[in-house]
C-alpha cells in the first residue's frame, strides 16, 4: 500500500462528499422533467470521467490517496446505480415502456461508450504528458 490508510480514508470521504453534493446539485436542476435526465447525465458523465481517470492513472500511476479520492470518492459519490435502478423500475411500473427502454439503453450503452471514450482520452493525454508506463 503506497498511501497510509488514514490518507486513503480521508481522500475517499472528502471525494465522496464532493461527488454527492454535485449529484444533489444536478438533481435540483433536473426535477422539471418526468424522465430521469439528471440520473442519466450523472451516470454517463461519471462513467466518462472515471474512464478518463482510469486511462490516465494506468499510465501515470498517481499516489493511492489521489486515485481513490477522485475515482472511488468523487466519481462514486456522483454516479448512482441505486437511483438508476429505482428510476428504471418506476418507469416500468408506470407502464412507460418506450421511455423505460430508452433510459435503460442510454444508461447502459451510453455509460459503457462514455467510459471507453474517457479511457482512450485519458490514455492519450497521459502519453502526451510524459513517459508512459508499460501495461502487461
(message) If each residue of separation counts as 0.36 nm, what is the full-extension length gain between residue 85 and residue 128 once their alpha-carbon separation is subtracted?
(response) 11.6 nm
(request) Provide Rg and Dmax in Å for the chain, with only Cα atoms included in the calculation. (result) 16.9, 54
(request) Could you work out how far helix 97-129 tilts from the main Cα principal axis of the chain, as a 0 to 90 degree angle to the nearest 10? (result) 20 degrees
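A short reminder: the numbers here are calculations on the coordinates, not readings from a lab. Being a predicted model, the structure only gives us computed values, none of them experimental.
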